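For reference, the structure discussed in these notes is given below.
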Amino acid sequence: MDKNVLKIGHRGAMGHEPENTLLSFKKALELNVDAIELDVYVCKTGELVVIHDDKVDRTTNGKGYTEDKTFAELRVLDAGEGELVPTLEEVLDVIDKKVIVNVELKGKNTALATSQVIQKYIKTKGWAESNFMVSSFDHRELNKFKQLYPEISIGALIEGVPLSYCECAIQLQADSVNLSLDFINQDFVNDAHDKGLKVYVWTVNEYDDIAKVKALGVDGIFSNFPERL
Ligand code: G3P
Ligand code: CA
């Protein structure tokens, strides 16, 4: 009955370790995820760094906007348990093709920087296009990525339920539509599947919610506790 649902570790395994740190990504691997989700910004000196918020305040001991900090300024911060704010490349080296990597484009100009890193890992480090998925709430940035690198799967993140359900994902030539647990319903899932889109839902941590979204027929689930999936 239970179809194969992609188990996606959210910001690594943030229910266990500080989010978006190497510790969190290693924990997700230990928990046998199928994919790992993370968030990226380009910092002031151009490095692509893995952090969730536009400000460093919540997840580190620093203050201020992520995009206004140089890489050196970011690297003196404690991202939890003494962990550093990692670069996307450092994370990819840890994951080492073991599972799919879902890069969520959070900040400005992340499409170009992400496409360059992905290209480098495919051309020089033996990664495959199928090792990556790229997603964003910023559909303009996501569209830029699709134009730069059409071979990589993209997921349109949607907050709420648009009048035309999944139409924006079709426009973007997306492979999946990624929706919040707060808004998912059977009509939405059916519309996506009718249009040939996969449905990934975040962030699902409680066992009853996991059972609920599985019953709706979703294709993937983001969880802070991926072992529960
Ligand atoms: O990609 C799913 C989820 O991560 C989107 O929301 O705020 O956790 O980045 P957020
Ligand atoms: Ca995210």
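The values are calculated or read from the model by the stated rules, or taken from the named source; none is laboratory data. Just so it is clear, the model here is predicted, and its values are computed rather than measured. Keep in mind that these areas ignore ligands, DNA and RNA; they rest on the heavy atoms of the full protein, side chains included. Shrake-Rupley method; radii C 1.70, N 1.55, O 1.52, S 1.80 Å.
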Relative contact order in percent for the chain (Cα pairs under 8 Å, 6+ apart) equals 21
Eligible lysines near Lys98 by straight Cα distance, threshold 21 Å, same-chain separation 8 or greater = Lys7, Lys26, Lys27, Lys120, Lys123, Lys125
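Ignoring any ligand, DNA or RNA, what whole percent of the accessible area of the chain comes from carbon and sulfur when the probe is 1.4 angstrom? Mind showing how you got there, number by number?
Details: 4930 of 10350 Å².
The computed percentage sits at 48.
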Return one whole number: the accessible area per residue of the chain in Å², for a 1.4 Å probe.
-> 45
Classified through the alpha carbon gyration tensor (a ≥ b ≥ c as square roots of its eigenvalues; rounded if a/c is under 1.5, else prolate when a/b is larger than b/c, else oblate), the stretch 1-132 comes out oblate
Once Arg75, Arg58, Arg140 are ranked on solvent-accessible area with the largest value leading and a 1.4 Å probe, the list reads Arg140, Arg58, Arg75
Sort Phe183, Phe25 from largest to smallest accessible area, using a 1.4 Å probe on the heavy atoms of the protein chains.
-> Phe183, Phe25
Distance between the stretch 167-211 and the stretch 91-155 - C-alpha centres, whole angstrom = 20
